[in-house]
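Colleague: Quick one: structure below, then a few questions.
FYI, it's all coordinate maths here, none of it is from the lab. Quick caveat, the model's predicted, so the values are computed rather than measured. Cβ atoms come from the backbone with ideal geometry, glycine included; neighbour counts cover every protein chain shown.
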Amino acid sequence: MDRLTPLDDLFVVLERDELPMHIASLMILDGPAPTYEELYESMEAKLHRIPRYRQRLKEVPLQLGLPVWQDDPHFQLAYHLRHTAVPAPGGHDQLRNLAGRLISQRLDINRPLWEMWLIEGLAADQFAILNKVHHAMIDGLSGADLMEVLLDADPEVAIGNPEPWEPSPEASAAQLIASGVAESVKSPARTAKQMATNLDKPKEMLQAAAASAVGTVKVGGKMAHTEDYLVGRPGPHRRWDWAVGDLDDVKRIKNALGGTVNDVILTAVAGGFRKYLLHVGAPLDETSTIQTMVPVSTRPPGGESGGNEVASLFTDLPVGIADPRERLEAMKAQMAEVKASGQIQGTDALLEGAAFVPPMLWAAAGRMASHMRQPSVATITTNVPGPQVQLYMLGRPLRTLLPYVPLGMNQLITVAIMSYNGGITCGVTADYDKAPNCSVLADGIEESLAQLSELAG
């Protein structure tokens, strides 16, 4: 049976009305828009390449194991494909408002955990596709891989014929219990086997253990830090906006001023947060920072897509520094310190510990955590490299790819960064009522990039 990992399951147990745990992407394409029937036929022909799209979660009785993925015997593609339009004039504001409403709606946990919306009515002869997928089903990096399944590299690709599909028989309660109990026994056994293997390499084992220990201490310390104006319990509704930039420009800034592409992007995000905090009246001085969690993919090169293979690192965005070049230097120093601290290994160690927790207690702890205030980090900033070639859907070129990530348990704003075909976009998610000025943050990111570009000459 294909079973959720502890991290995947955590995204499920955290799910509630005010904390929908899906990720999303908004694709803006040159029109004319396809008909709903054309989109239906195209998706039907591709479903065999993404089997998770026809599977739903099945709980193990008495929570004696983590949930499993099983084929949905009642799967209907028409339920997951939706059709809507923006009001005139079909510009940025209208698309932003509609996408925010659609993103706010939870996925039905009893069905395959995805939706796709065809959005018509955009100005400039364009249309959009909004794709929502639950975080338990797929993480950000494999989400980029999913785009390459849904889209084509050749505009002339014809719609194929759907492959025959019959749902596999559902496992009985007895089979689910037996499999869950067996898996609970095997998971710690696998970890013990890895430890035994490491005993053959004592030097490497000690070095890794030291890095993990230091990283875990640092993660624990970081997770006790809070910042005002960005933390609070979110409500059920979301605002969403975005900033756009040029990846070649980011690389030029990196080459001229030093650091990495990630350093430059995080510096721009810090500039955006600075503008937002000043806008809402936050007192800032030169030493002011806000702490962000940066998810990091741990999937090995060539690893299969699907499921979450991520760790996290924690860093401080230097929002108190007004000068963009000084802000970049501070960000470079921050990231160098983080990379040397063992934080990533430390976070892995925390997650691996879940293998020793009985599933019933793991689920109970997740549900308890979902209802408690979490003074861990002020925001989340995730950076996912997307496809760097021109892609098409039904022969229409994809112009802009915009990412969305959900809010955390005690966060009012998150930022998702994605590159595509030489462009870079930052999707800003915010609580509808407690962070109504998130567009100021998106504008600030673009302004910060422009300032850095001017410094680069």
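Colleague: Tell me, in nm to one decimal, what length is gained between D93 and A158 on full extension, where the rule is 0.36 nm per residue of separation less the Cα-Cα distance?
Modeller: 20.0 nm
Colleague: Here's another thing I want to ask about it. With respect to the cross-link table entries K275/K332; K275/K339; K58/K132, which display a Cα-Cα separation exceeding 22 Å?
Modeller: Checking Cα-Cα distances, K275/K339 exceed 22 Å.
Colleague: Would you mind computing, in nm to one decimal, how far apart the modelled labels at Y79 and D125 are, each placed 7 Å from Cα along Cα→Cβ?
Modeller: 3.9
Colleague: Something else now. At a Cα cut-off below 14 Å, give the aspartates and glutamates reachable from K251, other chains included and same-chain residues fewer than 8 away excluded.
Modeller: Of all the aspartates and glutamates, those that pass the test against K251 - Cα under 14 Å, at least 8 places apart if same chain - are D263, E454.
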